[in-house]
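Colleague: Here it is, the structure in full.
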Amino acid sequence: MTTNTIARQRWTRLIPVAFITYSLAYLDRANFGFAAAGGMADDLKITAAMSSLLSSLFFLGYFFFQIPGALYAAKKSAKKLIFWSLILWGALATATGMISNVNLLIVIRFMLGVVESAVMPAMIIFLSRWFTKSERSRANTFLILGNPVTILWMSILSGYLVNNLGWRWMFIIEGIPAVIWAFFWWRLIEDKPRQAKWLSDAEKDALEEQLQLEQQNIKPVRNYGEAFRLRVVILLCLQYALWSIGVYGFVMWLPSIINAAPNSDIVTTGWLSSVPYVLAIIGMLAASYFSDKMLTRKIFVWPFLLVGAIAFYGSYLAGTDNFWLSFVLLVIAGGAMYAPYGPFFAVITEVLPKNVSAGAVALINSFGALGSFIGAYFVGYLNGATGGFGASYMFMAGSLFLSAVITLVAIRDKK
């Protein structure tokens, strides 16, 4: 029996659950930008420098606790780890709407990063246990689609909530669903195919045989120390850090960039902020489909990053006097930055054996978190220090360009 006979069951049972889970994680980290643009800074007396720090603190917590969480998910249970993470991050996000002290906000933002830190690598490892090489880029993409899809509807919803109820109720209303969803996650997910009651023994054997066969084509790596010293891992860490500078500088500060335009308000900001993520969804689906179809990854990563760099540079040249031209170029940059996620994360589990892939995914993702911290902080800093957005556009353009160049060097496709 081939894996094709159980493909539909895996896709319909697992992917929607993974998608919703990662969507809720992204909701509770990205709505901070709307609170910052919608009155929180004034209410809590937050300076521009402190706002940059608060935007980026999440990623600092995310950076430090990636590897321990991912190793727990790989050696024990991704199901249990994500269950408790859902409850804790939902509670922390809700608590954000109740605080009146900046010091408490600092603690909550850092702890939110800690709690969510293992979710992404745990999910990547989880999907690698359920989907074969010819499916993996698409599986990763449907997981990470939770990012742009969430920002798309969250941008609109958050704009209305902040406008009508205030930023506090936005955090409370958008934090509660994660706690509720934790119990659906626990009921619907099993860590490995062998534990699934909805698969026959023959179906379990066929899937595990295919996954094991793929492992035989990967060069053995003895331990994490050896894996972390590999050239490909080091380069992918640097590549993903630079890529994330562009992505999270964009995500965290796009609402403020749009809100600063003439005649703009928070509701208009919400609608316009959602537009880049429509293009992102289309790009992600197309890139992952053709990457799996051709069983190649590199060509579906670096060109998109280069387009993103060029679009940011174009926004810099357009300047603030040409808002709509600059906005269109930002839409292109946003879509291009998101498109390669599925193929990129497929690379990691295809070049490293499963005994070390969890730690490598966590290490690479932790450097992505470090890049996210730098992007969120320095884009905000540059915006405040220069009184405009041109310097931050150049900063993000340069980061994406270097990321594209490193991709060409790091990834070697093998069929």
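Colleague: Enumerate the calculated ³J(HN,Hα) couplings along segment 198-212 in order (Karplus 6.51 cos²θ - 1.76 cosθ + 1.60, θ = phi - 60°), each rounded to whole Hz, writing x wherever the residue is Gly or Pro.
Modeller: 8, 10, 6, 4, 5, 5, 4, 4, 5, 5, 5, 5, 5, 5, 5
Colleague: Have a look at 81, 199, 329 and tell me which one the Gaussian network model of the chain (Cα, springs below 10 Å) gives the largest fluctuation.
Modeller: Highest fluctuation of the listed residues: 199.
Colleague: Tell me the mean residue ellipticity at 222 nm calculated for the chain from its helices only (DSSP H runs of n ≥ 4, each -39500 (n - 2.57), averaged over every residue, nearest 500). Could the numbers behind the result be given before it?
Modeller: Numbers: 20 runs with 334 residues, N = 415.
My calculation for the chain gives -27000 deg cm²/dmol from helical runs alone.
Colleague: May I pose another question? Can you check how the C-alpha radius of gyration of segment 239-360 compares to 2.2 N^0.38 Å, as a plain ratio? Please list the in-between numbers first.
Modeller: Working: Rg = 16.4 Å, N = 122, 2.2 N^0.38 = 13.7 Å.
Segment 239-360 yields a ratio of 1.20.
Colleague: When only alpha-carbon atoms count, how far does segment 282-415 stretch along each of its three principal axes, as whole angstroms with the largest first?
Modeller: 51, 28, 23
Colleague: Just to confirm the number: angle between the C-alpha axis of helix 102-116 and the first principal axis of the chain, 0 to 90 degrees, nearest 10?
Modeller: 20 degrees
Colleague: Further, regarding this structure: With contacts defined as alpha carbon pairs under 8 Å and 6 or more residues apart, what's the relative contact order of segment 128-234 in percent?
Modeller: Working: 28 pairs, mean separation 31.5, N = 107.
About 29 percent, as a whole number.
Colleague: Taking the chain as the reference, fit the longest principal axis to its C-alpha atoms, fit the long axis of helix 133-144 to the helix C-alpha atoms, and give the angle between the two in degrees, 0 to 90, nearest 10.
Modeller: 30 degrees
Colleague: Report, in debye and to the nearest 20, how large the dipole of segment 4-410 comes out about its Cα centre when Lys and Arg carry +1 and Asp and Glu carry -1 on their Cβ. Don't skip to the end; give the middle numbers.
Modeller: Working: 28 positive and 19 negative charges, 219 e Å.
Dipole size: approximately 1060 debye.
Colleague: Sticking with this one: Of all the Cα-Cα pairs you can form in the chain, what percent are over 29 Å apart?
Modeller: On the way: 34945 of 85905 pairs.
Summing the P(r) of the chain above 29 Å gives 41 percent of all pairs.
Colleague: Out of 141, 269, 386, any idea which swings most in a Gaussian network model of the chain, alpha carbons joined below 10 Å?
Modeller: Answer for the Gaussian network model of the chain: 386.
Colleague: I need the shape label for segment 142-268. Rule: rounded when a/c is under 1.5, else prolate if a/b > b/c, else oblate, with a, b, c from the alpha carbon gyration tensor. Each step should come with its number before you reach the end.
Modeller: On the way: a/c = 3.41, a/b = 1.58, b/c = 2.16.
Cα axes put segment 142-268 in the oblate bin.
Colleague: Between 292, 265, 42, find the one with the highest GNM mean-square fluctuation for the chain; connect C-alpha pairs within less than 10 Å.
Modeller: Comparing 292, 265, 42 in the GNM, the peak value goes to 42.
Colleague: Also, I was wondering about something else. How far is helix 266-294 tilted off the main Cα axis of the chain, in degrees rounded to 10, range 0 to 90?
Modeller: Result, in degrees: 20.
Colleague: So what J values fall out for segment 349-363 if you push phi through Karplus, 6.51 cos²θ - 1.76 cosθ + 1.60 with θ = phi - 60°, rounded to Hz, Gly and Pro as x?
Modeller: 7, 9, 10, 10, x, 5, 5, 10, 5, 4, x, 5, 4, 5, 4
Colleague: Moving to a separate point now. Loop-only chymotrypsin sites (Phe, Trp or Tyr not before Pro) in segment 169-201, please: DSSP not H, G, I, E or B, and at most 14 other Cβ atoms within 10 Å. Before the final figure, lay out the partial values.
Modeller: Working: sites: 169, 171, 181, 183, 184, 185, 186, 198; in loops: 198.
Qualifying residues, ordered by number: 198.
Colleague: With a cut-off of 8 Å between alpha carbons and a minimum separation of six or more residues, what is the relative contact order of the chain in percent? If you can, show how the numbers build up before the last one.
Modeller: Details: 743 pairs, mean separation 112.9, N = 415.
Contact order relative to length: 27 percent.
Colleague: Checking the a/c ratio against 1.5 first, then a/b against b/c, what shape does the Cα gyration tensor give for segment 39-133? Kindly include the intermediate steps, with their values, before the conclusion.
Modeller: On the way: a/c = 3.07, a/b = 2.42, b/c = 1.27.
Taking the square roots of the gyration eigenvalues as a ≥ b ≥ c, segment 39-133 is prolate.
Colleague: Using alpha-carbon positions, what is the distance between the centroids of segment 70-136 and segment 302-341, in Å?
Modeller: Cα centres, segment 70-136 to segment 302-341: 30 Å.
Colleague: Rounded to whole Hz and in sequence order, give me ³J(HN,Hα) for segment 224-231 from the Karplus expression 6.51 cos²θ - 1.76 cosθ + 1.60, θ = phi - 60°, writing x for Gly and Pro.
Modeller: So the J values, rounded to whole Hz, are 5, x, 5, 4, 5, 8, 5, 4.
Colleague: How far apart, in nm, are two points set 7 Å out from the Cα along the Cα-to-Cβ line at residue 354 and at residue 216?
Modeller: Reported label-point gap for residue 354 and residue 216 is 1.5 nm.
Colleague: Among 160, 362, 393, whose Cα projects farthest towards the positive end of the dipole of the chain, with charges put on the beta-carbon of Lys, Arg (+1) and Asp, Glu (-1)?
Modeller: Highest projection toward the positive end goes to 362.
None of the figures in this text is laboratory data; all of them are computed from the coordinates on show. Worth saying up front: this structure is predicted, and the values here are computed from it rather than measured. Note: ideal-geometry Cβ built from the backbone for every residue, glycine included; neighbour counts use all protein chains shown.
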